[in-house]
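The next block holds one structure in the form of structure tokens; read it before the comments.
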Amino acid sequence: MLQANGAEAEEEEQAEEDCPELVPIETKRREEEEKPGPGAKIPVTIISGYLGAGKTTLLNYILTEQHSKRIAVILNEFGEGSAVEKSLAVSQGGELYEEWLELGNGCLCCSVKDSGLRAIENLMQKKGKFDYILLETTGLADPGIVTVVDSKYGLKHLAEEKAGGLINEATRQVALADLIIINKTDLVPEEDLSQLRTAIRYRIMNGSINGLGKILETQRSRVDLSNVLDLHAFDGLSGISLQKKLQYVSATQPHLDQNIITVTFEAPGNAKEESLNVFIQNLLWEKNVRNKDGHCMEVIRLKGLVSIKDRAQQVIVQGVHELYDLEETPVSWDDDAQRTNRLVFIGKNLDKDVLKQLFMATVTETGKQRTTHSKEGQVCP
Ligand SMILES: Nc1nc2c(ncn2[C@@H]2O[C@H](COP(=O)(O)OP(=O)(O)OP(=O)(O)O)[C@@H](O)[C@H]2O)c(=O)[nH]1
Ligand SMILES: [Zn+2]
């Protein structure tokens, strides 16, 4: 199923010539590593997983947890909304060496061939400043090595049907992972967890190149770091390099689910908390917000940095399917500066103008929360 045919094999060879070897393995001992020789390799860990599963939470945990490792992070971004993602994701201080990489809404294999690879190369030039490179890819990107799975929505993602009987993203991510982290175990009862475990094991056995993914369960992505950073321990077993994996995937699967798009915008002003909640609930719970064609918008993932009226602190909005949170950050708005709300929506049938207009209605004093694009009493399927 995942075998390359002749033409694809040629493409693979071509790609291999273009791409410097990225083999993520061969961690040297600390002492040996102090003076990195020409052949020294820095392990690359790719954190994959469906939208909102907990990848950034895992990155943040790794970056803030006490450990003696020097880690570089490349975090992919969502187009213009990158400022949001950065402010949500960056852990301050430390001696971390960070380099930001815009992958747009793209997939990893394309990105690794152009800007992604260059960013990694740039990091390689700074060899000696860090021991590991971590790279986060979006849920829709091609699979990597550590895959984070959402306990609450994982089964749904694994079961999603794709046109033409193609393997869905969630399944590919799980099948290709060296390490699978079942996260958010706090959100589900044991029966659900056990069902998810079974489904994942089944996918590993049946859809896999390596078939040896290790499974861990976490809350807030708190995993024993040796499991994440020392993936070379598993690699010997999988017998296939990162680059090969990416090529297998790019040769056999369309890159992204075309129907799912990202919409981002910025808007000035202070939102009224109650109106903001109604806006979000209409989108995530009622699902009664329609685009210009009359199709109901389906938001899979929502994140943003918002300004709420009478609150000094910046507030982060996080939504994953029907669940959402408004969380005050320790960061205060600069009094003199215009407060700017930044929002990122990922989903189907999204319309930027409509979303922005509805959001703007929550920030104007007179704005009534009235969605001209929702039909009374008619809920989307
Ligand atoms: N209840 C619960 N929530 C969690 C857990 N881990 C992460 N979250 C929340 O889930 C939301 C999404 O987490 P992120 O780490 O941003 O997910 P992500 O995979 O990086 O998301 P994308 O980059 O948008 O694909 C945030 O609101 C987190 O606080 C957990 O173990 N339990
Ligand atoms: Zn993230």
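Summary of values
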read-out	value
Subset of region 263-290 (residues that are modelled with pLDDT under 95 and within 20 Å of Leu51 (Cβ to Cβ))	Val263, Thr264, Phe265
Qualifying residues in region 300-319 (those that are of a type outside the set (S, T, N, Q) and more than 12 Å from ligand 1 (Cβ to nearest atom)) - the one most open to solvent (accessible area, probe 1.4 Å)	Asp310
Qualifying residue in region 357-379 (condition: open to solvent by 20 Å² or more (accessible area, probe 1.4 Å), closer than 18 Å to Ile261 by Cα and either assigned to a strand (DSSP E or B) or at pLDDT 90 or above (or both))	no
Complete set of residues in region 43-73 that are open to solvent by 10 Å² or more (accessible area, probe 1.4 Å), away from ligand 2 (no atom under 11 Å from the Cβ) and in contact with a Ser or Thr (Cβ under 8 Å, 6 or more places away or on another chain)	Tyr61, Leu63, Thr64
Subset tally (residues that are open to solvent by less than 60 Å² (accessible area, probe 1.4 Å) and touching a strand residue (DSSP E or B) at 6+ places or on another chain (Cβ under 8 Å)) for region 288-299	6
Qualifying helices (runs of 4 or more DSSP H) (wholly inside region 167-262; at least 1 residues being open to solvent by less than 50 Å² (accessible area, probe 1.4 Å) and modelled with pLDDT under 55)	232-238, 242-252
Output for region 263-287, where each listed residue is part of a loop (DSSP other than H, G, I, E, B) and in contact with a Lys or Arg (Cβ under 6 Å, 6 or more places away or on another chain)	Asn270, Lys272
Unmet requirement for Phe345, which otherwise passes all of (1) among the hydrophobic types (A, V, I, L, M, F, W, C); (2) at pLDDT 95 or above; (3) buried (at least 20 other Cβ atoms within 10 Å of the Cβ)	(2)
Residues of region 320-342 classified as closer than 21 Å to Gly54 by Cβ, open to solvent by 40 Å² or more (accessible area, probe 1.4 Å) and in a loop (DSSP other than H, G, I, E, B), total	1
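The values are calculated or read from the model by the stated rules, or taken from the named source; none is laboratory data. Every value quoted in this text rests on a predicted model; they were computed, and no experiment measured them. Every residue, glycine among them, receives a Cβ derived from its backbone with ideal geometry; neighbour counts consider all protein chains shown. Keep in mind that these areas ignore ligands, DNA and RNA; they rest on the heavy atoms of the full protein, side chains included. Shrake-Rupley method; radii C 1.70, N 1.55, O 1.52, S 1.80 Å.
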